[in-house]
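Participant: Got a structure for you, questions after.
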Amino acid sequence: MQISDRILELIINSFWTILKPGLIYTIPLTLISFMIGLIIAIIVALIQISNLRILKGITSFYVWIIRGTPLLVQIFIIFYGLPSAGVTLEPLFASVIAFSLNVGAYSSETIRAAILSIHKGQWEAGDSLGMTYFQVLRRIILPQAAKVSIPPLFNAFIGLVKDTSLAANITVAEMFMVTQRIAAKTYEPLILYCEVAFIYLMFCTILSKIQSKAEEKLSIGQKI
Amino acid sequence: MFVIKDLSKSFGDSRILKNIHLTIKPNHTTVIIGPSGSGKTTLLRCINLLEIPNSGTLDLNGDKLSFNGERVSKKDILTLRKKTGMVFQGFNLFPHKTALGNIIEGPITVLKQPKDEAIKEAIKLLKKIGLEDKKDSYPHQLSGGQQQRIAIARALSMKPDILLFDEPTSALDPELEIEVLSLIKELSEENYTIVIVTHKMSFAKEVSDTIIFIDKGEIIEQGTYEELNESPNARIRQFLNAFN
């Protein structure tokens, strides 16, 4: 009884200490990186389906590098490597760059595929009304492509929530790093790491719920 | 008056249209017929520049566009497209917008009409096509014939100088075909300037002021249905009567 009381107390006492960096680091880091990454992804996808040869080459190179190297290595290059080249970045800023570039590279393929999945007749219908390329894209194509890309984009989103734990390696005091510190003090790694895993699980569960809502909302007017 | 001069179009090595000369009279209904692969649809698509001709000129009421294989300015393309309305074989309604949303899309986005005004005019069009009660329906909730009528209203919403129909009933069964054909006939009687590509010879006979017979990318003959029916060219006579 003594032991389980102590464990319970540990869980309760540490809960807020672990959750707090989750709220002030993990969630904002995820949201900001995902938003920037999504913008990069849309721009890269549009370039990939265009005739802009040079930009296409550059963006293909970018996707190739990011997808072909480990995220942790990229984070290390940006935070520990770049200072040797004279670029020193705040740890949080360095993480945002690394995560955004990652989301941008992976999700650009998702968005490209989603845009290409929209029937050519939709472009032509918009064109025939005299709409400009960007009007057709924004008002006709992207709303339909959004629906197709929601599930894979949420995959990336949920993946990013968990990947933010890698920022612990470059001194960002997010949830995982705080947990590591408490574990080192209390010698209860099993309980504490399970506790932080549970909090990640809760964050991702909320995102899954949001995904279902988003899919429901976007399926209006479209056959399932 | 819509004048097409010396228009040619190739896809790669194959020449689809060869030096087409054609004058489309205002307030007339022109029907383009011909065997499959003859270039009818390509000709129609060249009129609103969904296909850019390789050479020739288009002249819509004085707005002239010349083609010589170089890039055509986007502005010129858009100007011409605003004056033409297109109805597609596969309807191509926007699935994420209601019937009303489909119709007001062009006026709001392209003509910059205020939304309430666009809606007012769209309702008038919906009444005209007899689908006012379907204004809040999404395309997938409508029958093929209703979808095509909405697509016609969408084209009309831009108040185009010329209406283009690309095999408008090919995707419809005979029952639904009738409602679309009678709407087109109505528009024809209201003196809209119409160009239709179709295989329905009985319909061509009924609505056409002029019939263009096209084969292998060339206009073989043009005239009224009666004139073509008495053409010395047996193939044309056969074609007109084969599908009745």
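The values are calculated or read from the model by the stated rules, or taken from the named source; none is laboratory data. Note that the structure is predicted; figures quoted are calculated from it, not measured. All Cβ positions, even for glycine, are placed from backbone atoms using ideal geometry, and neighbour counts span all protein chains on display.
Participant: Determine whether residue B:107 is at pLDDT 95 or above, in contact with a Ser or Thr (Cβ under 6 Å, 6 or more places away or on another chain) and either farther than 23 Å from residue A:144 by Cα or within 14 Å of chain A (Cβ to nearest Cβ) (or both).
Facilitator: yes
Participant: With the requirement that a residue be at the interface with another protein chain (Cβ under 8 Å from one of its Cβ atoms), among the small types (Gly, Ala, Ser) and not in a helix (DSSP H, G or I), what does region A:113-154 give you?
Facilitator: A:130
Participant: Within region B:141-176, how many residues are of a type in the set (Gly, Ala, Ser) and farther than 30 Å from residue B:58 by Cβ?
Facilitator: 3
Participant: Return the residue satisfying two criteria in turn: it lies in region A:210-224 and is modelled with pLDDT under 75 and at negative phi, and of such residues it is farthest from the other protein chains (Cβ to nearest Cβ). Don't jump to the end; show me each part of the working.
Facilitator: Taking region A:210-224 first, the residues modelled with pLDDT under 75 are A:220-224.
Now restrict to residues that are at negative phi: A:220, A:222-224.
Values: A:220: 7, A:222: 5, A:223: 5, A:224: 10 Å.
Of everything passing the filter in region A:210-224, A:224 is farthest from the other protein chains (Cβ to nearest Cβ).
Participant: Okay, moving on. When you scan region B:63-84, do you find a residue that is of a type in the set (Asp, Glu), part of a helix (DSSP H, G or I) and more than 10 Å from chain A (Cβ to nearest Cβ), even just one? So that I can check it myself, show each step before the final result.
Facilitator: The first filter runs over region B:63-84 and keeps only residues of a type in the set (Asp, Glu), leaving B:63, B:70, B:76.
The next check asks that each one be part of a helix (DSSP H, G or I); those that pass are B:76.
From the residues that got through so far, the ones that are more than 10 Å from chain A (Cβ to nearest Cβ) too are B:76.
Yes; the residues of region B:63-84 include at least one that is of a type in the set (Asp, Glu), part of a helix (DSSP H, G or I) and more than 10 Å from chain A (Cβ to nearest Cβ).
Participant: Hey, another quick one. Taking residue A:79 as the residue in question, decide whether it is part of a helix (DSSP H, G or I) and surrounded by fewer than 16 Cβ atoms within 10 Å (Cβ to Cβ). Full working, then the answer.
Facilitator: On the way: part of a helix (DSSP H, G or I): yes; surrounded by fewer than 16 Cβ atoms within 10 Å (Cβ to Cβ): no.
No, not satisfied.
Participant: Of the residues that sit in region A:155-175 and are of a type in the set (Val, Ile, Thr) and assigned to a helix (DSSP H, G or I), which one is nearest to the other protein chains (Cβ to nearest Cβ)?
Facilitator: Restricting attention to region A:155-175, the residues satisfying the condition of being of a type in the set (Val, Ile, Thr) are A:158, A:161, A:164, A:170-172.
Adding the requirement that they be assigned to a helix (DSSP H, G or I) leaves A:158, A:161, A:164, A:170.
Values: A:158: 26, A:161: 29, A:164: 33, A:170: 42 Å.
Top of the filtered list is A:158.
Participant: Then there's this: Report every pair of residues separated by at least 6 positions or lying on different chains whose Cβ atoms are under 9 Å apart, first residue within region B:132-154 and within 13 Å of another protein chain (Cβ to nearest Cβ), second acidic (Asp, Glu).
Facilitator: Taking only residues 6 or more apart or on different chains, the pairs are B:148/B:179; B:154/B:105.
Participant: Any chance region A:25-42 includes a residue that's part of a helix (DSSP H, G or I), in contact with a Leu (Cβ under 7 Å, 6 or more places away or on another chain), buried (at least 19 other Cβ atoms within 10 Å of the Cβ) and not hydrophobic (A, V, I, L, M, F, W, C)?
Facilitator: Scanning region A:25-42, I find at least one residue that is part of a helix (DSSP H, G or I), in contact with a Leu (Cβ under 7 Å, 6 or more places away or on another chain), buried (at least 19 other Cβ atoms within 10 Å of the Cβ) and not hydrophobic (A, V, I, L, M, F, W, C), so the answer is yes.
Participant: Return the residues of region B:28-51 that are more than 21 Å from residue B:80 (Cβ to Cβ) and part of a loop (DSSP other than H, G, I, E, B); say none if nothing qualifies.
Facilitator: B:34, B:35, B:36, B:37, B:38
Participant: I've got another one for you. Need the failing condition index for residue B:95 against (1) part of a helix (DSSP H, G or I); (2) in contact (Cβ under 8 Å) with a residue 40 or more places away in the chain, just the number.
Facilitator: All conditions are met except number (1).
Participant: Follow-up question, since we're still on this one. Output the residues belonging to region B:190-222 that are among the small types (Gly, Ala, Ser) and either over 21 Å from the mean Cα position of the chain (by Cα) or surrounded by 15 or more Cβ atoms within 10 Å (Cβ to Cβ) (or both).
Facilitator: Scanning region B:190-222 gives B:204, B:208, B:217.
Participant: What number of residues in region B:37-68 are within 21 Å of residue B:207 (Cβ to Cβ) and either hydroxyl-bearing (Ser, Thr, Tyr) or in contact with a Pro (Cβ under 8 Å, 6 or more places away or on another chain) (or both)?
Facilitator: Number of matching residues: 2.
Participant: Just name the residue that is nearest to residue B:212 (Cα to Cα) out of those in region B:1-59 that are among the charged types (D, E, K, R) and out of contact with any helix residue (DSSP H, G or I) (no Cβ under 9 Å at 6 or more places or on another chain). Even if it seems obvious, please write down each step before you answer.
Facilitator: Within region B:1-59, the subset among the charged types (D, E, K, R) is B:5-6, B:9, B:13, B:15, B:18, B:25, B:40, B:45, B:51, B:59.
Restricting the remaining residues to those that are out of contact with any helix residue (DSSP H, G or I) (no Cβ under 9 Å at 6 or more places or on another chain) gives B:5-6, B:13, B:15, B:18, B:25, B:40, B:59.
Details: B:5: 15, B:6: 16, B:13: 25, B:15: 19, B:18: 15, B:25: 13, B:40: 9, B:59: 19 Å.
Taking the candidates together, the pick is B:40.
Participant: Give all pairs with beta carbons closer than 9 Å in which a residue from region A:50-64 that is free of Cβ contacts under 8 Å to residues at least 24 places away in the same chain meets a residue that is of a type in the set (D, E, K, R); count only pairs at least 6 apart in sequence or on separate chains.
Facilitator: Partner pairs satisfying both residue conditions: A:50/A:56.
Participant: Restricted to region B:52-62, and to residues that are away from every other protein chain (no Cβ under 13 Å) and not in a strand (DSSP E or B), which residue is nearest to residue B:153 (Cα to Cα)?
Facilitator: Here the answer is B:61.
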